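For reference, the structure is listed below as structure tokens.
The values are calculated or read from the model by the stated rules, or taken from the named source; none is laboratory data. What you see is a predicted model; the values in this text were computed from it and never measured. Note: ideal-geometry Cβ built from the backbone for every residue, glycine included; neighbour counts use all protein chains shown. Ligands, DNA and RNA are excluded from the accessible area calculation, which covers all protein heavy atoms including side chains. Shrake-Rupley method; radii C 1.70, N 1.55, O 1.52, S 1.80 Å.
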Amino acid sequence: VTKLFSAVATLRLVDRGLLELTDEVIQLLEHRSGLPAWVPLFEQADVLTAALAIQREHAPGERHTYSDIGFLHLLERLQKSTGKGIAEIIEEEVLSPLGLVNTSYRPAGFGPAPIDGRIAATENCPRRGLLVGEVSDGNTYAMGGASTHAGLFGPASDLALFAQAVWDARDDGYLSSDLWARIWADPAEPGTHIMGWDSVAEAPGKSSAGSKLSRRSRGHLGFTGTSLWIDPERAIAVVLLTNRVHPSRDDNRIRDLRPRLHDAVADMVDKLR
């Protein structure tokens, strides 16, 4: 769920006047930029330069396509507006202010993390071998292990603190009231994303959040099997950290698990009321 951290960092930079919330930036956050979902750029000399040269498949705002390439375009804007790399931006705008001391990027070249129970094996990659504490996304790995769309490692406890901080952001000044309110507004058509966060789909059973979390819920998924959903009506956050791509990314059973899990949590909370 690295994209959520990048989205919040983007809003923080907007609040501080370092970045303008243009229609283009909003479309990148909400996956309506017209850029493709993903392109294997990891064999290019410079992944970011190659990403910026990719042509749009559709006119901006015409379609909703969940796009890692779009977040690489967002990366260029964040770095240009600050003069800093993404790891430093995320540290200064999210991790440090929120006290998320156990969350960080693991730069490529560190090698595998120690198998000590803290970091699960990520994937048995045909190109790179067994990955432990190394980002699975090939483009991010080629960029040094840190990007706007992938690369962060952290525990469920930090993600829970992140969720609480986002909900409290208006009250404690972490985000302005205007930008905070936009996260919880109705998403623009077409699509389900709003300010970088996903929302509960209108059609029952279509969302990974299941069928019982409230329509105001906001969240996000991660390719490796992670997810975070915040339900403001129940005052809960549901954090799921799995390594569904280990040993192979061909295992898609997570698609059935996620909605069942969220329905079960909603039922449990409702019984406790």
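Annotations
- Among the criteria (1) assigned to a loop (DSSP other than H, G, I, E, B); (2) touching a strand residue (DSSP E or B) at 6+ places or on another chain (Cβ under 6 Å); (3) surrounded by fewer than 18 Cβ atoms within 10 Å (Cβ to Cβ); (4) at pLDDT 85 or above, the one G145 does not fulfil is (3).
- Pair list, Cβ < 9 Å and 6+ apart or interchain, from the range 55-67 residues that are farther than 17 Å from M195 by Cβ to residues that are at pLDDT below 95: E62/P190; R63/P190; R63/G191; T65/G191
- Residues of the range 237-264 that are within 25 Å of G191 (Cβ to Cβ), out of contact with any Phe, Trp or Tyr (no Cβ under 8 Å at 6 or more places or on another chain) and open to solvent by less than 70 Å² (accessible area, probe 1.4 Å): V239, L240, R244, N252, I254, R258, P259, L261, D263.
- Criterion violated by M268 - all others in (1) without any contact (Cβ under 8 Å) to a residue 24 or more places away in the chain; (2) buried (at least 16 other Cβ atoms within 10 Å of the Cβ) satisfied: (2)
- Residue list for the range 199-236, filter: open to solvent by 30 Å² or more (accessible area, probe 1.4 Å) and under 12 Å from the mean Cα position of the chain (by Cα): L221, F223, T224
- Restricting the range 122-139 to residues that are out of contact with any strand residue (DSSP E or B) (no Cβ under 6 Å at 6 or more places or on another chain) and in contact (Cβ under 8 Å) with a residue 40 or more places away in the chain, the residue that is most open to solvent (accessible area, probe 1.4 Å): D137
- Selection of first residues in the range 170-196 that are on the phi < 0 side of the Ramachandran plot and of a type in the set (A, V, I, L, M) and of second residues that are assigned to a helix (DSSP H, G or I) and open to solvent by 40 Å² or more (accessible area, probe 1.4 Å), restricted to Cβ pairs under 8 Å at least 6 apart or on distinct chains, gives the following pairs, ordered by first then second residue: L175/R12; L175/D15; L179/D15; A181/R170; I194/R182.
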